[in-house]
Amino acid sequence: MNCKQFLTLLDDLIDDSLTAETRADLQQHLGHCGPCEVIFNTTRKTIEIYRSHELYDLPTGLRDRLHAAIMARCKKGC
Amino acid sequence: MDAIQSAAEQIEQHPDVALVERVRGGDDAAYDTLVHKYERQVFRIAQHITQNREDAEDVMQDAFLKAYQKLDQFQGNSKFYTWLVRIAVNESLMRLRKRRSGKLVSIDEDIETDEGSVQRDLADWAPDPEQNYSQAELAEILRKTIQGLPPGFRIVFVLRDVEGLSTEEAAETLGLSVPAVKSRLLRARLQLRERLSRYFGRKKGHREMGIEK
(Lines give C-alpha, C1' and ligand atoms only; values in the text may rest on other atoms or scores of the structure.)
Protein backbone atom coordinates (compact mmCIF):
# COMPACT_ATOMS: atom_id res chain seq x y z
CA MET A 1 0.00 0.00 0.00
CA ASN A 2 1.27 3.49 -0.87
CA CYS A 3 0.22 6.91 0.44
CA LYS A 4 -2.18 7.60 -2.43
CA GLN A 5 -4.03 4.33 -1.83
CA PHE A 6 -4.05 5.12 1.86
CA LEU A 7 -5.69 8.50 1.22
CA THR A 8 -8.46 7.00 -0.90
CA LEU A 9 -9.38 4.76 2.05
CA LEU A 10 -8.82 7.34 4.78
CA ASP A 11 -12.52 8.14 5.23
CA ASP A 12 -13.46 4.49 5.47
CA LEU A 13 -10.77 4.00 8.10
CA ILE A 14 -12.02 7.00 10.09
CA ASP A 15 -15.64 5.87 9.75
CA ASP A 16 -14.70 2.30 10.61
CA SER A 17 -16.30 0.82 7.52
CA LEU A 18 -13.50 -1.43 6.26
CA THR A 19 -13.04 -5.16 6.18
CA ALA A 20 -10.60 -6.50 8.76
CA GLU A 21 -8.14 -7.33 6.00
CA THR A 22 -8.07 -3.85 4.44
CA ARG A 23 -7.94 -2.30 7.87
CA ALA A 24 -4.88 -4.38 8.69
CA ASP A 25 -3.21 -3.23 5.44
CA LEU A 26 -3.83 0.40 6.36
CA GLN A 27 -2.59 -0.08 9.91
CA GLN A 28 0.57 -1.63 8.54
CA HIS A 29 1.11 1.36 6.24
CA LEU A 30 0.48 3.73 9.14
CA GLY A 31 3.09 1.90 11.18
CA HIS A 32 5.92 3.03 8.93
CA CYS A 33 4.60 6.20 7.26
CA GLY A 34 4.87 9.30 9.42
CA PRO A 35 3.04 11.71 7.06
CA CYS A 36 0.03 9.40 6.71
CA GLU A 37 -0.07 8.89 10.43
CA VAL A 38 -0.17 12.68 10.90
CA ILE A 39 -2.93 13.02 8.31
CA PHE A 40 -4.94 10.24 9.91
CA ASN A 41 -4.63 11.57 13.48
CA THR A 42 -5.20 15.22 12.66
CA THR A 43 -8.14 14.53 10.32
CA ARG A 44 -9.79 12.48 13.04
CA LYS A 45 -9.12 15.31 15.48
CA THR A 46 -10.57 17.85 13.02
CA ILE A 47 -13.87 15.97 12.93
CA GLU A 48 -13.91 15.54 16.69
CA ILE A 49 -13.34 19.26 17.28
CA TYR A 50 -16.14 20.26 14.92
CA ARG A 51 -18.48 17.73 16.46
CA SER A 52 -17.86 18.83 20.01
CA HIS A 53 -18.06 22.61 19.64
CA GLU A 54 -21.24 24.57 19.13
CA LEU A 55 -20.44 27.25 16.54
CA TYR A 56 -23.86 28.80 16.15
CA ASP A 57 -25.75 28.83 19.37
CA LEU A 58 -29.40 29.70 19.42
CA PRO A 59 -30.07 32.38 22.03
CA THR A 60 -32.98 31.60 24.37
CA GLY A 61 -34.83 34.80 23.51
CA LEU A 62 -34.74 34.04 19.82
CA ARG A 63 -35.87 30.50 20.44
CA ASP A 64 -38.94 31.64 22.36
CA ARG A 65 -39.81 34.24 19.73
CA LEU A 66 -39.52 31.75 16.90
CA HIS A 67 -41.52 29.18 18.80
CA ALA A 68 -44.34 31.61 19.33
CA ALA A 69 -44.30 32.58 15.65
CA ILE A 70 -44.20 29.01 14.41
CA MET A 71 -46.93 27.78 16.73
CA ALA A 72 -49.19 30.79 16.08
CA ARG A 73 -48.93 30.33 12.32
CA CYS A 74 -49.39 26.57 12.53
CA LYS A 75 -52.55 27.00 14.54
CA LYS A 76 -53.93 29.23 11.80
CA GLY A 77 -53.20 26.44 9.36
CA CYS A 78 -49.95 28.09 8.20
CA MET B 1 -49.02 -13.86 16.76
CA ASP B 2 -50.46 -10.64 15.37
CA ALA B 3 -50.34 -9.12 18.82
CA ILE B 4 -46.66 -10.02 19.16
CA GLN B 5 -45.87 -8.58 15.72
CA SER B 6 -47.82 -5.44 16.50
CA ALA B 7 -46.01 -5.06 19.82
CA ALA B 8 -42.65 -5.52 18.07
CA GLU B 9 -43.55 -2.84 15.53
CA GLN B 10 -44.50 -0.48 18.31
CA ILE B 11 -41.16 -1.04 20.02
CA GLU B 12 -39.29 -0.43 16.77
CA GLN B 13 -41.25 2.70 15.86
CA HIS B 14 -39.11 5.82 16.07
CA PRO B 15 -40.44 8.27 18.68
CA ASP B 16 -40.63 10.95 15.97
CA VAL B 17 -43.10 8.86 13.99
CA ALA B 18 -45.40 8.70 17.00
CA LEU B 19 -45.13 12.49 17.38
CA VAL B 20 -45.91 13.01 13.69
CA GLU B 21 -48.99 10.82 14.05
CA ARG B 22 -50.13 12.88 17.02
CA VAL B 23 -49.71 16.11 15.03
CA ARG B 24 -51.73 14.61 12.20
CA GLY B 25 -54.40 13.86 14.75
CA GLY B 26 -54.55 17.56 15.66
CA ASP B 27 -52.14 17.68 18.60
CA ASP B 28 -50.08 20.84 17.94
CA ALA B 29 -48.16 20.41 21.18
CA ALA B 30 -46.57 17.31 19.65
CA TYR B 31 -45.23 19.49 16.84
CA ASP B 32 -43.80 21.85 19.42
CA THR B 33 -41.90 18.86 20.81
CA LEU B 34 -40.47 18.14 17.37
CA VAL B 35 -39.50 21.80 16.92
CA HIS B 36 -37.73 21.81 20.28
CA LYS B 37 -35.93 18.62 19.44
CA TYR B 38 -34.50 19.78 16.12
CA GLU B 39 -34.39 23.58 16.19
CA ARG B 40 -30.70 23.74 17.02
CA GLN B 41 -29.76 21.42 14.18
CA VAL B 42 -31.94 23.25 11.66
CA PHE B 43 -30.52 26.61 12.75
CA ARG B 44 -26.93 25.35 12.52
CA ILE B 45 -27.46 23.91 9.04
CA ALA B 46 -29.13 27.14 7.86
CA GLN B 47 -26.31 29.21 9.33
CA HIS B 48 -23.64 27.03 7.74
CA ILE B 49 -25.25 27.32 4.31
CA THR B 50 -26.40 30.96 4.30
CA GLN B 51 -23.58 32.25 6.54
CA ASN B 52 -25.94 34.96 7.65
CA ARG B 53 -27.69 35.06 10.98
CA GLU B 54 -30.81 36.85 9.81
CA ASP B 55 -31.27 34.42 6.93
CA ALA B 56 -30.70 31.47 9.25
CA GLU B 57 -33.45 32.69 11.56
CA ASP B 58 -35.85 33.07 8.63
CA VAL B 59 -34.89 29.68 7.24
CA MET B 60 -35.47 28.02 10.57
CA GLN B 61 -38.95 29.49 10.81
CA ASP B 62 -39.84 28.78 7.17
CA ALA B 63 -38.49 25.22 7.33
CA PHE B 64 -40.60 24.31 10.36
CA LEU B 65 -43.69 25.92 8.89
CA LYS B 66 -43.19 24.14 5.58
CA ALA B 67 -42.61 20.82 7.33
CA TYR B 68 -45.86 21.32 9.25
CA GLN B 69 -47.72 22.09 6.04
CA LYS B 70 -46.26 19.10 4.23
CA LEU B 71 -46.56 16.67 7.09
CA ASP B 72 -49.07 14.59 5.14
CA GLN B 73 -46.36 13.96 2.56
CA PHE B 74 -44.01 12.50 5.14
CA GLN B 75 -44.13 8.78 4.44
CA GLY B 76 -42.30 7.48 7.43
CA ASN B 77 -39.96 5.42 5.26
CA SER B 78 -37.18 7.91 5.92
CA LYS B 79 -36.43 9.48 9.28
CA PHE B 80 -38.37 12.61 10.16
CA TYR B 81 -35.06 14.30 10.94
CA THR B 82 -33.63 13.55 7.47
CA TRP B 83 -36.85 14.72 5.86
CA LEU B 84 -36.74 17.94 7.87
CA VAL B 85 -33.08 18.52 7.03
CA ARG B 86 -33.89 18.23 3.34
CA ILE B 87 -36.48 20.98 3.70
CA ALA B 88 -34.03 23.12 5.67
CA VAL B 89 -31.28 22.68 3.06
CA ASN B 90 -33.66 23.63 0.24
CA GLU B 91 -34.94 26.67 2.13
CA SER B 92 -31.35 27.73 2.86
CA LEU B 93 -30.31 27.44 -0.78
CA MET B 94 -33.37 29.42 -1.85
CA ARG B 95 -32.55 32.13 0.67
CA LEU B 96 -28.98 32.25 -0.59
CA ARG B 97 -30.18 32.65 -4.17
CA LYS B 98 -32.43 35.50 -3.13
CA ARG B 99 -29.60 37.28 -1.37
CA ARG B 100 -27.36 36.86 -4.35
CA SER B 101 -30.02 38.48 -6.56
CA GLY B 102 -30.93 35.42 -8.51
CA LYS B 103 -27.40 34.28 -9.14
CA LEU B 104 -27.51 30.50 -9.43
CA VAL B 105 -26.41 28.88 -6.23
CA SER B 106 -25.72 25.23 -6.47
CA ILE B 107 -24.09 22.70 -4.27
CA ASP B 108 -22.53 21.35 -7.44
CA GLU B 109 -20.25 24.31 -7.91
CA ASP B 110 -16.69 24.73 -6.75
CA ILE B 111 -15.83 21.11 -6.58
CA GLU B 112 -12.55 21.28 -8.41
CA THR B 113 -9.68 21.40 -6.00
CA ASP B 114 -6.00 20.88 -6.05
CA GLU B 115 -5.30 17.35 -4.90
CA GLY B 116 -1.74 18.47 -4.19
CA SER B 117 -3.01 20.60 -1.36
CA VAL B 118 -3.08 17.48 0.74
CA GLN B 119 0.65 17.30 0.53
CA ARG B 120 1.42 20.67 2.05
CA ASP B 121 1.75 21.46 5.69
CA LEU B 122 2.21 18.09 7.23
CA ALA B 123 3.62 19.25 10.53
CA ASP B 124 1.99 17.38 13.38
CA TRP B 125 -0.39 19.11 15.78
CA ALA B 126 0.35 19.93 19.38
CA PRO B 127 -1.35 17.58 21.86
CA ASP B 128 -4.86 18.91 22.73
CA PRO B 129 -4.25 21.95 20.49
CA GLU B 130 -7.64 23.50 21.26
CA GLN B 131 -6.52 24.13 24.81
CA ASN B 132 -4.22 26.91 23.59
CA TYR B 133 -7.28 29.02 22.83
CA SER B 134 -10.23 30.35 24.79
CA GLN B 135 -13.65 28.95 23.90
CA ALA B 136 -14.51 32.18 22.08
CA GLU B 137 -11.24 32.21 20.13
CA LEU B 138 -11.63 28.57 19.23
CA ALA B 139 -15.21 29.03 18.03
CA GLU B 140 -14.05 31.94 15.86
CA ILE B 141 -11.22 29.85 14.37
CA LEU B 142 -13.59 26.98 13.63
CA ARG B 143 -16.20 29.27 12.09
CA LYS B 144 -13.67 31.12 9.95
CA THR B 145 -12.09 27.88 8.80
CA ILE B 146 -15.29 26.13 7.77
CA GLN B 147 -16.65 29.27 6.12
CA GLY B 148 -13.63 29.18 3.80
CA LEU B 149 -14.64 25.83 2.33
CA PRO B 150 -16.45 25.71 -1.01
CA PRO B 151 -20.23 25.48 -0.29
CA GLY B 152 -20.56 22.00 -1.80
CA PHE B 153 -17.89 20.66 0.55
CA ARG B 154 -19.12 22.57 3.56
CA ILE B 155 -22.68 21.26 3.36
CA VAL B 156 -21.55 17.66 3.01
CA PHE B 157 -19.18 17.96 5.97
CA VAL B 158 -21.83 19.59 8.15
CA LEU B 159 -24.53 17.05 7.36
CA ARG B 160 -22.30 14.04 7.58
CA ASP B 161 -19.79 14.86 10.33
CA VAL B 162 -21.49 17.52 12.45
CA GLU B 163 -25.16 16.56 12.21
CA GLY B 164 -24.59 12.84 12.00
CA LEU B 165 -26.41 11.88 8.79
CA SER B 166 -25.20 8.72 7.09
CA THR B 167 -23.53 8.98 3.68
CA GLU B 168 -26.71 7.63 2.08
CA GLU B 169 -28.92 10.11 3.97
CA ALA B 170 -26.66 13.02 3.02
CA ALA B 171 -26.77 11.90 -0.62
CA GLU B 172 -30.56 11.67 -0.55
CA THR B 173 -30.89 15.02 1.17
CA LEU B 174 -28.64 16.83 -1.28
CA GLY B 175 -29.72 14.98 -4.41
CA LEU B 176 -26.17 13.73 -4.97
CA SER B 177 -24.82 10.27 -5.65
CA VAL B 178 -23.16 8.35 -2.81
CA PRO B 179 -19.74 8.48 -4.55
CA ALA B 180 -20.13 12.27 -4.95
CA VAL B 181 -20.84 12.66 -1.24
CA LYS B 182 -17.88 10.45 -0.36
CA SER B 183 -15.54 12.38 -2.61
CA ARG B 184 -16.64 15.74 -1.18
CA LEU B 185 -16.45 14.50 2.36
CA LEU B 186 -12.84 13.39 1.95
CA ARG B 187 -11.86 16.69 0.36
CA ALA B 188 -13.73 18.68 2.98
CA ARG B 189 -12.09 16.81 5.83
CA LEU B 190 -8.63 17.17 4.33
CA GLN B 191 -9.06 20.86 3.57
CA LEU B 192 -10.32 21.60 7.07
CA ARG B 193 -7.46 19.61 8.54
CA GLU B 194 -4.95 21.54 6.51
CA ARG B 195 -6.49 24.92 7.34
CA LEU B 196 -6.65 24.13 11.04
CA SER B 197 -2.96 23.17 10.97
CA ARG B 198 -2.19 26.89 10.80
CA TYR B 199 -3.57 27.21 14.30
CA PHE B 200 -2.95 23.81 15.81
CA GLY B 201 0.39 22.83 14.27
CA ARG B 202 3.50 22.53 16.38
CA LYS B 203 5.80 25.54 16.47
CA LYS B 204 8.27 26.19 13.63
CA GLY B 205 11.31 24.00 13.57
CA HIS B 206 9.35 20.80 13.52
CA ARG B 207 10.56 18.54 10.80
CA GLU B 208 8.62 18.99 7.58
CA MET B 209 7.44 15.74 6.17
CA GLY B 210 6.66 14.85 2.58
CA ILE B 211 4.27 12.30 1.26
CA GLU B 212 5.16 9.85 -1.47
CA LYS B 213 3.26 10.28 -4.73
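Matching residues to (1) in contact with a Gly (Cβ under 7 Å, 6 or more places away or on another chain); (2) among the hydrophobic types (A, V, I, L, M, F, W, C); (3) under 18 Å from B:ARG195 (Cα atoms); (4) surrounded by 17 or more Cβ atoms within 10 Å (Cβ to Cβ):
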| site | (1), (2), (3), (4) |
| --- | --- |
| A:MET1 | no, yes, no, no |
| A:LEU9 | no, yes, no, yes |
| A:LEU13 | no, yes, no, yes |
| A:THR22 | no, no, no, no |
| A:GLN28 | no, no, no, no |
| A:LYS45 | no, no, yes, yes |
| A:GLU48 | no, no, yes, no |
| A:GLY61 | no, no, no, no |
| A:ASP64 | no, no, no, no |
Candidates B:LEU159, B:LEU122 - the one that is in a loop (DSSP other than H, G, I, E, B) and either at pLDDT below 90 or more than 8 Å from every other protein chain (Cβ to nearest Cβ) (or both): B:LEU122
With chain A as the region, which helices (runs of 4 or more DSSP H) entirely inside it contain at least 1 residues that are touching a residue at least 12 places away in the same chain (Cβ under 8 Å), in contact with a helix residue (DSSP H, G or I) (Cβ under 6 Å, 6 or more places away or on another chain) and facing chain B (nearest Cβ under 7 Å)? A:3-8, A:34-52
How about the range B:11-40: which of its residues are of a type outside the set (A, V, I, L, M, F, W, C), crowded, with 19+ Cβ neighbours inside 10 Å and either within 11 Å of chain A (Cβ to nearest Cβ) or more than 23 Å from A:ARG65 (Cα to Cα) (or both)? B:ASP16, B:TYR31, B:GLU39
With the checklist (1) buried (at least 23 other Cβ atoms within 10 Å of the Cβ); (2) in contact (Cβ under 8 Å) with a residue 60 or more places away in the chain in hand, flag the one item B:THR82 doesn't pass. (1)
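The values are calculated or read from the model by the stated rules, or taken from the named source; none is laboratory data. None of the values given here were measured: they were computed from a predicted structure. All Cβ positions, even for glycine, are placed from backbone atoms using ideal geometry, and neighbour counts span all protein chains on display.
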